[in-house]
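The values are calculated or read from the model by the stated rules, or taken from the named source; none is laboratory data. Only a predicted model underlies this, so the values are computations on that prediction, with no experimental measurement involved. Counting neighbours? That spans all protein chains shown, and the Cβs are built from the backbone with ideal geometry, glycine included. What goes into the accessible areas is simple: the full protein's heavy atoms, side chains included, and nothing from ligands, DNA or RNA. Shrake-Rupley method; radii C 1.70, N 1.55, O 1.52, S 1.80 Å.
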Amino acid sequence: MEELTPTYQFLFSITAAILLTQVPYIGKYFKVIYTLIHESMHATTALIINAEVIQIELFSNTSGTTLTKYSSNWKKFIISFVAYPFSIIISWGLYYTALKGFYWYGLLSFLIIIILNLTFFVRNIYGIFWLISFGIIIGIILYFKNILAISIVLYIIAGIILIESIISVFQLLILSLKNLKQITGDVKNIQEITKIPAIFWIIIFLLILSFVTYKIVISFLT
């Protein structure tokens, strides 16, 4: 990857991420990368604000859930809010480590996320299978210390998180424009707590998404 210019490295990551996630059956397996990050953001935030994380579930259809216990609505609001904006920030962080050439450390950080989730949070069968199988893949790649392989995998992971973050927010936007009553999950929680229409929060997510995406793209063009 180092022989490519930063612009081509970024284009490679996006192209590979799109192609890989569109492969029948296998594509859903790789999309769980984003699900893991999204649900991990819920769990991490819950721990930071002194709420309880009961468990995380990852499913083969790429959906996921994080079950938490909290003592107030403001904690519920924060836990519900953070996943969409911070998922793409994680992508930004991985791209940054790749851009700086810290490929091994970037991929290791993702492996640590897998290990922590496997140890403390994820308890459903598919979730455990996914964490173990993908963790083994990353572990093998790190063990042999092939910089080219490590950099390719890191770029693809960052690209998948970025692409799926964009898709998730735009799916919310389209759904809200069609029928706000169909909105569920995080945005519904936020709407119920704040009494502010879901479309407002979706626009906030869209603005954060646009800003972070812009920062990622600019970093590879300059």
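Looking at Tyr84, is it among the aromatic types (Phe, Trp, Tyr), crowded, with 19+ Cβ neighbours inside 10 Å, at pLDDT 95 or above and out of contact with any Phe, Trp or Tyr (no Cβ under 6 Å at 6 or more places or on another chain)?
Values: among the aromatic types (Phe, Trp, Tyr): yes; crowded, with 19+ Cβ neighbours inside 10 Å: yes; at pLDDT 95 or above: yes; out of contact with any Phe, Trp or Tyr (no Cβ under 6 Å at 6 or more places or on another chain): no.
Against the criterion (among the aromatic types (Phe, Trp, Tyr), crowded, with 19+ Cβ neighbours inside 10 Å, at pLDDT 95 or above and out of contact with any Phe, Trp or Tyr (no Cβ under 6 Å at 6 or more places or on another chain)), Tyr84 does not qualify.
Return the pairs, sorted by first residue and then second, in which the second residue is at pLDDT below 80 and assigned to a helix (DSSP H, G or I), the first residue lies in the stretch 172-198 and is over 19 Å from Val82 (Cβ atoms) and of a type in the set (A, V, I, L, M, F, W, C), the beta carbons are less than 9 Å apart, and the residues are 6+ apart or on different chains.
Qualifying pairs under 9 Å: Leu175/Gln182.
When you scan the stretch 52-62, do you find a residue that is touching an Asp or Glu at 6+ places or on another chain (Cβ under 8 Å), β-branched (Val, Ile, Thr) and outside any strand (DSSP E or B), even just one?
No, because not a single residue in the stretch 52-62 is touching an Asp or Glu at 6+ places or on another chain (Cβ under 8 Å), β-branched (Val, Ile, Thr) and outside any strand (DSSP E or B).
Return only the number of the condition from (1) more than 19 Å from the chain's Cα centre (by Cα); (2) in contact (Cβ under 8 Å) with a residue 24 or more places away in the chain that Ile140 does not satisfy.
All conditions are met except number (2).
Condition check ((1) of a type in the set (D, E, K, R); (2) surrounded by fewer than 22 Cβ atoms within 10 Å (Cβ to Cβ); (3) over 21 Å from Gly185 (Cα atoms)) across all residues:
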| position | (1), (2), (3) |
| --- | --- |
| Ile79 | no, no, no |
| Trp92 | no, yes, yes |
| Tyr95 | no, no, yes |
| Gly101 | no, yes, yes |
| Ile115 | no, yes, yes |
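Say whether the condition of being open to solvent by 10 Å² or more (accessible area, probe 1.4 Å) and either in contact with a strand residue (DSSP E or B) (Cβ under 8 Å, 6 or more places away or on another chain) or of a type in the set (A, V, I, L, M, F, W, C) (or both) is met by at least one residue in the stretch 178-188. Let's see the steps before the verdict.
Step one: list which residues in the stretch 178-188 are open to solvent by 10 Å² or more (accessible area, probe 1.4 Å), which gives 178-182, 184-186, 188.
Filter again for either in contact with a strand residue (DSSP E or B) (Cβ under 8 Å, 6 or more places away or on another chain) or of a type in the set (A, V, I, L, M, F, W, C) (or both), leaving 180.
The answer is yes, given that some residue of the stretch 178-188 is open to solvent by 10 Å² or more (accessible area, probe 1.4 Å) and either in contact with a strand residue (DSSP E or B) (Cβ under 8 Å, 6 or more places away or on another chain) or of a type in the set (A, V, I, L, M, F, W, C) (or both).
Listed here are the residues, each with its yes/no results for (1) without any contact (Cβ under 8 Å) to a residue 40 or more places away in the chain; (2) closer than 18 Å to Ile128 by Cα; (3) touching a strand residue (DSSP E or B) at 6+ places or on another chain (Cβ under 6 Å).
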{"position": "Thr7", "(1), (2), (3)": "no, no, no"}
{"position": "Phe12", "(1), (2), (3)": "no, no, no"}
{"position": "Ile18", "(1), (2), (3)": "no, no, no"}
{"position": "Ala46", "(1), (2), (3)": "yes, no, yes"}
{"position": "Leu58", "(1), (2), (3)": "no, yes, yes"}
{"position": "Ile78", "(1), (2), (3)": "yes, no, no"}
{"position": "Ser91", "(1), (2), (3)": "no, no, no"}
{"position": "Tyr95", "(1), (2), (3)": "no, no, no"}
{"position": "Ser109", "(1), (2), (3)": "yes, no, no"}
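Those residues that are among the aliphatic types (A, V, I, L, M) and either surrounded by fewer than 23 Cβ atoms within 10 Å (Cβ to Cβ) or within 10 Å of Asn117 (Cα to Cα) (or both), I need them from the stretch 39-57; list them, please. It would help to see each step written out before you state the result.
Quick first cut of the stretch 39-57, residues among the aliphatic types (A, V, I, L, M) only: 41, 43, 46-49, 51, 53-54, 56.
Of everything in the stretch 39-57, those that are among the aliphatic types (A, V, I, L, M) and either surrounded by fewer than 23 Cβ atoms within 10 Å (Cβ to Cβ) or within 10 Å of Asn117 (Cα to Cα) (or both) turn out to be Met41, Ala43, Leu47, Ile48, Ile49, Ala51, Val53, Ile54, Ile56.
Does at least one position in the stretch 159-173 carry a residue that is in contact with a helix residue (DSSP H, G or I) (Cβ under 6 Å, 6 or more places away or on another chain) and surrounded by fewer than 18 Cβ atoms within 10 Å (Cβ to Cβ)?
Residues of the stretch 159-173 in contact with a helix residue (DSSP H, G or I) (Cβ under 6 Å, 6 or more places away or on another chain): 159-165, 169, 172-173.
Now restrict to residues that are surrounded by fewer than 18 Cβ atoms within 10 Å (Cβ to Cβ): 173.
Yes, the conditions are met somewhere in the stretch 159-173.
For the stretch 128-158, how many residues are open to solvent by less than 20 Å² (accessible area, probe 1.4 Å) and either of a type in the set (A, V, I, L, M, F, W, C) or outside any helix (DSSP H, G or I) (or both)?
Restricting attention to the stretch 128-158, the residues satisfying the condition of being open to solvent by less than 20 Å² (accessible area, probe 1.4 Å) are 130-131, 134-135, 138, 142, 150-151, 154-155, 157-158.
Within this subset, residues satisfying the condition of being either of a type in the set (A, V, I, L, M, F, W, C) or outside any helix (DSSP H, G or I) (or both) are 130-131, 134, 138, 142, 150, 154, 157-158.
Selection size over the stretch 128-158: 9.
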